Amino acid sequence: MKDLFGQAILDYQTQNAPEDLLTETSISEEDEMNVSYLFRSFDEMPLLEQKALALTKGKTLDVGAGAGSHSLYLQNDKNIAITAIDISPQAIETCRLRGIKNALVADILTLESEKFDTILLLMNGTGIFGTLKQTATYLQKLQSLLQLDGQILIDSSDIIYMFDQDDDGAYAVPADRYYGELDFTITYKGKKEEPFPWLYIDYNTLQNIAIDNNLQCELITEGEHYDYLARLTIQPKA
């Protein structure tokens, strides 16, 4: 793994001639992303992210922290005990340079830690699940890191709108996999990473998988671009 995403983040933080990231998926053409977007302040964040941060309470784990903007706000403005994790060493180095006190290079599936009151997965937090089949594995792991009265705040999008419809209104989705399973590719400074799996999941499907794994799922809010924020909590034992 070249960690081009992390390199772009660290280049921006250290003013090392940062360039735009180029992102591409198996169903969309190449798109430019200005890295400064990952360094946005609370006021610059979408309302969906602001809502998630407003609901965050107690000891918190920020999964896939990236440049650390969510963690930084929670630490500095809400005085929350936050642990930021990412699989990118350069992203975590950036988090530390920005002043996040507890930032770790870690994969959520191998994380062994104390329990948390809130676990955040934002900016299409379901993406790291990779495939629909893997979703249950990740939800079970997240649940194992959660206090009994804790919450998982996670966002995603229903990307069905990106597929063509026939005259009867049926969507031309892939027959061999769930339509939200994409291959994602990043290019930065002329280097290109191998495609990696990335999952967008519609709310109803997420809710069904959550229930199957003893989690309650609540729709908190919907954004302007087919996106939504959900809260998962542990199902009380009968």
Only one residue in 78, 101 is touching a helix residue (DSSP H, G or I) at 6+ places or on another chain (Cβ under 7 Å) and open to solvent by 30 Å² or more (accessible area, probe 1.4 Å), so which one is that? 101
2 or more residues within 27 Å of residue 162 (Cα to Cα), among the hydrophobic types (A, V, I, L, M, F, W, C) and at pLDDT 95 or above: qualifying strands (runs of 3 or more DSSP E) within segment 1-109: 21-25
Residues of segment 202-219 being open to solvent by less than 40 Å² (accessible area, probe 1.4 Å) and either assigned to a loop (DSSP other than H, G, I, E, B) or touching a helix residue (DSSP H, G or I) at 6+ places or on another chain (Cβ under 9 Å) (or both), which ones? 202, 205, 206, 209, 210, 213, 215, 217
Please go through segment 36-58 and give me each residue that is open to solvent by 40 Å² or more (accessible area, probe 1.4 Å), among the aliphatic types (A, V, I, L, M) and in contact (Cβ under 8 Å) with a residue 12 or more places away in the chain, ordered by number. 47, 55
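Of all residues in segment 136-163 being among the aliphatic types (A, V, I, L, M) and closer than 14 Å to residue 217 by Cβ, which is surrounded by the most Cβ atoms within 10 Å (Cβ to Cβ)?
Going through the qualifying residues, I end up with 154.
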Flag if residue 168 is open to solvent by 50 Å² or more (accessible area, probe 1.4 Å) and either more than 29 Å from residue 50 (Cα to Cα) or not hydrophobic (A, V, I, L, M, F, W, C) (or both): yes
From 178, 203, residue being more than 26 Å from residue 65 (Cβ to Cβ), modelled with pLDDT of 95 or more and in contact with a Leu (Cβ under 9 Å, 6 or more places away or on another chain): 178
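The values are calculated or read from the model by the stated rules, or taken from the named source; none is laboratory data. As the structure is a computational prediction, the values presented were derived from the model and not from experiment. Positions of Cβ are generated from backbone atoms using ideal geometry, with glycine treated the same way; all protein chains shown enter the neighbour counts. In case anyone asks, the SASA skips ligands and DNA or RNA and just uses the protein heavy atoms, side chains included. Shrake-Rupley method; radii C 1.70, N 1.55, O 1.52, S 1.80 Å.
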